Amino acid sequence: MKTQHTLNISLRAQTGRSASRRLRKVNRIPAILYGKHTSPEKFSIEVPEFVRLIKSVAGRAVLIELNRDDKPEKALTFLQEVQRDPITDRYLHVDLHEVKADEKFEIRVQLSIVGESFGVKNQSGVLETPTQQVRIRCLPKDLPPRIEVDVTELKVGDTFHIGDLKPIAGVEFLDNKNQPVVSCVEPVEEEVAAVVAAPTDGTAAAPAAGAAPAAGDAKAGAAPAAPAAGDAKAGAAPAKGGDAKGMASAKGAAPAKDAKPAAPAKK
């Protein structure tokens, strides 16, 4: 059997929220022990005792031997769940699961990435780890504290799956073999849109070279447009045989042929 960790516990007679709050006030954590062959048992743990255990475990999957004050027999367990207050980070509740030395059990084990990926080192890739834990079945003596994933040969575009994990003696992987564990992907490039700064002094922006001014914009300083054909007011010569009584529209325009001179104005 591998080296085990120990934890001292005490049975608790009272249950419920009020009883749990009273336990926390005296620096104890309410806990419960489940077992395949036994009924759930409720007990409590001293906070310093549990903190010591958590630090020694350091996220690994380990077996914990319970020292009980009501029975001489010791129970072999593992941490099923630990609840903490999201604000104060205090321990609220602990669930432990009892196992038998000669019986296989199921547990989730943390994955550990080892090595430097070829894609990260030489291709500017980035590692993505969609799976943090894997579910396994084994005897207590075969329990691995962590499952290592060597990513040394992983290139950009490659993915490591559950089925690619190195076999471990006495350990059965229960997750789907096609479930991705770690991938090496190209870095996501941020697209920066070009921004045209607007003038801040209230003046209009100068038109681009060769661009025509807006119709009717007298302030733009553009030359007047050419007169339309037949527009007499624009200075075009009057048509042949036109009205002799009217003055010529354009300065210096010749009078029409056979036209009589205009009568002088009466004084």
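No lab work stands behind these numbers, since they all come straight from the coordinates. Keep in mind that what you see is a predicted model, and the values were worked out from it rather than measured. Backbone-built Cβ (ideal geometry, glycine too); neighbour counts: all protein chains shown.
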Practice item. Find out how many positive minus negative residues lie around R68, taking Lys and Arg as positive, Asp and Glu as negative, among other residues whose Cβ is under 11 Å from that of R68. Key: -3
Check your understanding: So what does the Cα-only Debye profile of region 106-185 read at q = 0.18, 0.22, 0.27 Å⁻¹, as log10 I(q)/I(0), no solvent term?
Key -> -0.70, -0.96, -1.29
Check your understanding: Roughly how large, in nm² to one decimal, is the mean projection of the convex hull of the alpha-carbon atoms in region 1-66?
Key -> 5.4
Point to revise | For region 144-155, Karplus couplings with θ = phi - 60° (6.51, -1.76, 1.60), whole Hz, Gly/Pro x | key: x, x, 8, 10, 7, 10, 7, 9, 4, 8, 6, 9
Study note, to complete from the structure: Once the dipole of region 106-185 is set up from charges on Cβ (+1 Lys and Arg, -1 Asp and Glu), the residue from the list V151, I168, F118 lying farthest towards its positive end is I168
Check your understanding: Under unit Cβ charges (Lys, Arg +1; Asp, Glu -1), what dipole magnitude, rounded to 20 debye, does region 27-165 have relative to its Cα centre?
Key -> 180
Exercise for review: Compute the normalised compactness of region 53-134: alpha-carbon radius of gyration over 2.2 N^0.38 Å, N being the residue count.
Suggested key: 1.55
Study note, to complete from the structure: note: region 1-151, Cα-Cα separations exceeding 19 Å make up a percent value of 60
Practice item. Let me know the charge dipole size of region 1-106 about its Cα centre in debye, to the nearest 20, where only the beta-carbon of Lys, Arg (+1) and Asp, Glu (-1) is charged. Key: 420
